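Computed from the coordinates by the stated procedures, all read-outs in this text should not be read as laboratory data. Since the model is a prediction, treat every value here as computed from it, not as a measurement. Neighbour counts are summed over all protein chains in view; Cβ atoms, including those assigned to glycine, are modelled from backbone coordinates with ideal geometry.
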Amino acid sequence: MTHYGDPEGTFSSVRTAATPADLASYRTAPQFNVSLGKLAVMSLCTFGLYEVYWAYKHWHAIRQREQEHLSPFWRAFFAPLWAFSLFPRQQAITALYGVPATWSGSALALAYFLLHMTWRLPEPYWLISVIGFLPLLVVQRSINALNAAVAPDAPRNDSYSGLNILMIVVGGLFLLLVIWGTLLPPLQPSGQVPVNT
């Protein structure tokens with residue numbers, strides 16, 4: 001398999017560099033397919049845990065296809081840091097197979113990292129971290145296009161399992177309560193009148 005020394009260099013001008021063996025290898029272990037809607041909903045309702053699963057699935061596909069000695073679990077566990085490796089590699093993969101991405105892997109990784117760091121901001125600004133999955137949508141859109149072109153038989157993963165629905169209901173309600181509790185002013189104790197200053 002081709003190794004990527006310059007994922008942000010000249011790949012945008014390359015139509016395809018994949019050999020028939022590369023294509024066969026990719027079809028055996030394609031990158032993770034998931035609809036953008038499902039990725040967004042699950043990321044929101046699991047408070048980012050689905051993003052860890054998303055990263056794990058992508059690293060697992062890379063390890064399986066490239067036969068690299070790497071740990072998908074730990075790279076997913078530290079997903080905001082390992083995004084600086086994963087996103088450029090995914091950008092390079094799309095170019096290799098003739099579906100070049102128009103985004104910068106390094107720039108998206110930086111955006112993903114900074115969005116995740118916003119949880120340290122004071123209320124209510126830490127809520128920005130809830131949309132930390134947005135850079136993943138850009139990456140996944142290109143991966144879905146790649147899979148549609150190169151591995152059309154790969155599962156689309158656009159439906160919701162029973163466990164998915166349970167997580168959406170429970171996590172969605174909890175998310176609404178968190179947002180409500182963050183944005184609403186604190187209640188005054190009974191019998192006290194607010195003092196204007």
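Listing for the model above:
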| quantity | calculated |
| --- | --- |
| Single residue of region 155-181 satisfying the filter (assigned to a helix (DSSP H, G or I) and among the aromatic types (Phe, Trp, Tyr)) that is nearest to the chain's Cα centre (by Cα) | 174 |
| Selection within region 96-115 - in contact (Cβ under 8 Å) with a residue 40 or more places away in the chain and in a helix (DSSP H, G or I) | 96, 105, 106 |
| Index of the failed condition, residue 85 passing every other in (1) buried (at least 18 other Cβ atoms within 10 Å of the Cβ); (2) hydroxyl-bearing (Ser, Thr, Tyr); (3) free of Cβ contacts under 8 Å to residues at least 60 places away in the same chain | (1) |
| Residue list for region 52-74, restricted to those being out of contact with any His (no Cβ under 9 Å at 6 or more places or on another chain), of a type in the set (D, E, K, R) and in contact (Cβ under 8 Å) with a residue 24 or more places away in the chain | 57, 65 |
| Residue check for residue 134: within 23 Å of residue 148 (Cα to Cα), surrounded by fewer than 16 Cβ atoms within 10 Å (Cβ to Cβ) and hydrophobic (A, V, I, L, M, F, W, C) | yes |
| Sole residue being surrounded by fewer than 21 Cβ atoms within 10 Å (Cβ to Cβ), hydrophobic (A, V, I, L, M, F, W, C) and free of Cβ contacts under 8 Å to residues at least 40 places away in the same chain, chosen from 47, 77 | 77 |
